[in-house]
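Novice: Take a look at the following structure, please.
The values are calculated or read from the model by the stated rules, or taken from the named source; none is laboratory data. Not measured: the values here are computed from a predicted model. Glycine gets a Cβ as well: all are built from the backbone with ideal geometry, and neighbour counts include every protein chain shown. The protein model used for the area step is the full one, side chains on, heavy atoms only, and it has no ligands, DNA or RNA in it. Shrake-Rupley method; radii C 1.70, N 1.55, O 1.52, S 1.80 Å.
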Amino acid sequence: IPVEPFDYIVFGGTGDLARRKLLPALYHRMRDGQIPAEGRIIAASRRKMSDDDYRAMTEEALTEFVPEGERSRETLDAFLGMLSYRSLDALSDEGWDALRDELDGDTERVRAFYLAVAPNLFDDLCQRFAQHGLVTPNSRVVIEKPVGRDLASAVKVNDAVAQAFHESQVFRIDHYLGKETVQNLMALRFANTLFEPLWNSAHIDHVQITVAESIGVGSRGDYYDTSGALRDMVQNHMIQLLCLVAMEPPDSFDANSLRDEKLKVLRALKPINASNYDRLTVRGQYRAGAAEGGAVPSYAEEIGNKRSRTETFAALKVEIANWRWAGVPFYLRTGKRLADRVSEIVITFRAIPHSIFPKDSGVISQNRLVLRLQPDEGVKQWIMIKDPGPGGMRLNYVPLDMSFAESFQERYPDAYERLLLDVIRGNQTLFMRRDEVEAAWAWTDPIHDAWDEDGSPPVPYTAGTWGPSAAIALIERDGRTWHEDT
Ligand code: BG6
């Protein structure tokens, strides 16, 4: 079903995010018949450029980022026909009234402002929108992360946005929430009776969340060096995953019910600060090594700053102080230039209380439920079975395996495809509410403060490995190991 006609106004329309993600996502939705022909996409940035130049740039981007089999001349032409370009500067008055006049043809239409720009421009842009009368009751604003770099700056950004938009119009993107498996986690938990009775400290031993990347920081060094893994990945994507695993069942799949439950988890996270960070956290930085099939430089060389103390890896042991989860550690790890690109959530159930089998039957491993976000999305439930055959009672650990690619033939929409249309539909379920973002910063700030006070550099790890040995020790100290999918 197509969404209603809309105007998407994309600030940062010539930038990397627009080219790699936003334009291809809208193209795919159009190809699947979800975008009405009357829809308009107005790209804006400071650069001077004609509509035709912008269309040519978009065609190049789509050729690069949409697989050949998914492109057709007809859809491409229809898509390019929806595009226009405006040169606008957040710091200058010029062109804003003309934009309003262009949009005002239909004030009922959904108007979505996408801020794919550096966060220090959010304030100025929102002021322009307000000042030039661009915000209608049917307007929405989409904000990319990072929303601030700590609690104080996040409050400032949120305040600035709130000057022009009501919270019900604000869509803070965390693209992890748009990923297929992440939504499947909610289906698994709340559309089955099987798991929920076991989903607590009586039956779950611990949870692991890994978001490993094999890429380095590449051309994003300027941003990344002011951020680091804790701010770039943990404060948002990983904490959101943790919340979805840990939250109580919301009373409906509606935006505020879900976000209320996530917020309760955020507020129940046990503090990590100067008194315990050395036991509960590890931060690392990659040095030169081998990754993605070749030799790769160190982080310091890549960004051209040998003194950088920015962490490209973080591992944490997190606990949730509530009835359901008391005593169940959540181990989180994320990093760049790791051995592989793997993102997964692993729920390990408790060991059986007593074995009835003779010792030579084999080791009885704990049940594990693995939700794989990428690269190959799917769910695996590891269980013990009897090895088939006449050889007596020999036990084996095997996965009940549901690979989405094998089970379902359709193509998987990228997270942005779903999220961009949810904005038009006015559905905030998969977007972060202001209080969630601020609560997440309130929890991560003391970790940063403790690291800063400590003053020592992050521990080095070789590019192409699973990170510093201290991260392995973090979990092994508790008699557990990081999950390996073998
Ligand atoms: C972004 C981070 O939010 O997520 C990047 O800023 C990271 O540093 C990216 O590479 C990972 O997203 P995905 O979808 O490729 O796992």
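Novice: Tell me the relative contact order for the chain as a rounded percent, counting alpha carbon contacts under 8 Å between residues six or more apart.
Specialist: Normalised by residue count, the contact order of the chain is 18 percent.
Novice: If you don't mind, there's one more thing I want to ask. Could you calculate the contour length gain from Glu196 to Arg324, that is, 0.36 nm times the residue separation minus the distance between their Cα atoms, to one decimal place in nm?
Specialist: Working: separation 128, 0.36 × 128 = 46.08 nm, distance 1.13 nm.
Here the segment from Glu196 to Arg324 would lengthen by 45.0 nm.
Novice: With r defined as the distance between the Cβ atoms of Arg46 and Asp376 and R0 fixed at 41 Å, what FRET efficiency is calculated, to the nearest 0.05? Don't skip to the end; give the middle numbers.
Specialist: Numbers: r = 40 Å, r/R0 = 0.98.
Taking R0 as 41 Å, the efficiency between Arg46 and Asp376 is 0.50.
Novice: Round to the nearest 0.05 the FRET efficiency obtained for Arg267 and Asp93 when R0 = 45 Å and r is the Cβ-Cβ distance. Intermediate results must be reported in sequence, preceding the final value.
Specialist: Working: r = 43 Å, r/R0 = 0.95.
Given R0 = 45 Å and the Cβ-Cβ separation, E is 0.55.
Novice: Distance in nm between label sites at Asp104 and Arg309, each 7 Å beyond Cα in the beta-carbon direction?
Specialist: Result for the modelled spin labels: 5.4 nm.
Novice: Within the stretch 293-371, report the GluC sites (Glu not before Pro) that DSSP leaves as loop and that have at most 14 other Cβ atoms within 10 Å.
Specialist: Passing sites in the stretch 293-371 do not exist.
Novice: Report, in listed order, any pair from Lys179/Lys262; Lys48/Lys156; Lys48/Lys336; Lys179/Lys317; Lys21/Lys336; Lys270/Lys380 with a Cα-Cα distance greater than 26 Å.
Specialist: Table pairs above 26 Å Cα-Cα are Lys48/Lys156; Lys48/Lys336; Lys270/Lys380.
Novice: Sequence neighbours fewer than 8 away in the same chain don't count; with that in mind, list the aspartates and glutamates whose C-alpha is under 16 Å from Lys359.
Specialist: Asp387
Novice: Here is a further query. Give the cross-link partners of Lys386 among the aspartates and glutamates, using a straight C-alpha distance below 15 Å as the criterion and excluding same-chain residues fewer than 8 apart.
Specialist: Asp360
Novice: Related question: For the chain, with the dipole built from +1 on Lys and Arg beta-carbon atoms and -1 on Asp and Glu ones, taken about the Cα centre, which of Ala246, Phe404, Leu263 lies farthest toward the positive end?
Specialist: Ala246
Novice: Hand me the trypsin sites (Lys or Arg not before Pro) from the stretch 289-392 located in a DSSP loop with no more than 10 other Cβ atoms within 10 Å, in residue order please.
Specialist: Lys306, Arg307
Novice: Using +1 on the beta carbon of Lys and Arg, -1 on that of Asp and Glu, and nothing else charged, what's the dipole of the stretch 333-486 about the Cα centre, debye to 20?
Specialist: Taking the Cα centre of the stretch 333-486 as origin, the dipole is about 600 debye.
Novice: With every protein chain left in place, what is the accessible area per residue of the chain in square angstrom, probe 1.4 Å?
Specialist: Accessible surface, normalised per residue, equals 44 Å².
Novice: Still on this structure, I have one more. Explain nothing, just the number: relative contact order of the stretch 1-53, from Cα pairs under 8 Å at least 6 residues apart, as a whole percent. Walk me through the numbers on the way to the answer.
Specialist: Numbers: 53 pairs, mean separation 29.5, N = 53.
Across the stretch 1-53, relative contact order equals 56 percent.
Novice: So what is Rg over Rh here for the chain, counting just Cα atoms and using Kirkwood for Rh?
Specialist: Reported Rg/Rh (Cα atoms, Kirkwood Rh): 0.99.
Novice: Provide the packing ranking of 141-151, 158-168, i.e. peptides ordered by the mean count of other C-beta atoms within 10 Å per residue, highest first.
Specialist: Output ranking for 141-151, 158-168: 141-151, 158-168.
Novice: Moving on to the next point. Taking 0.36 nm per residue of sequence separation and subtracting the Cα-Cα distance, how much length would be gained by fully extending the chain between Lys156 and Arg480, in nm to one decimal?
Specialist: Between Lys156 and Arg480, full extension yields 112.5 nm more.
Novice: Report, in whole Å, the centroid distance computed from the Cα atoms of the stretch 445-486 and the stretch 65-138.
Specialist: Each part reduced to its Cα centre gives a spacing of 42 Å.
Novice: I would also like to ask the following. Based on DSSP, what percent of beta bridges with both residues in the chain are antiparallel, to the nearest 5?
Specialist: Working: 44 of 79 bridges.
Antiparallel: roughly 55 percent of the beta bridges in the chain.
Novice: Can you give me the relative contact order of the stretch 336-486 as a percent, contacts being Cα pairs under 8 Å and 6 or more apart?
Specialist: Reported relative contact order: 19 percent.
Novice: Now for a different question. Leaving out ligands, DNA and RNA, what percent of the accessible area of the stretch 166-264 is carbon and sulfur, probe 1.4 Å? Spell out each step's value before the answer.
Specialist: Working: 1800 of 3300 Å².
That fraction is 55 percent.
Novice: 5 Å is the cut-off here: which amide hydrogens, built 1.01 Å from N in the peptide plane, fall below it relative to Trp466, excluding neighbours closer than 5 in sequence?
Specialist: The answer is Ala339.
Novice: With +1 on each Lys and Arg Cβ and -1 on each Asp and Glu Cβ, and nothing else charged, work out how big the dipole of the chain is about its Cα centre, in Debye to the nearest 20.
Specialist: Working: 57 positive and 73 negative charges, 295 e Å.
About 1420 debye.
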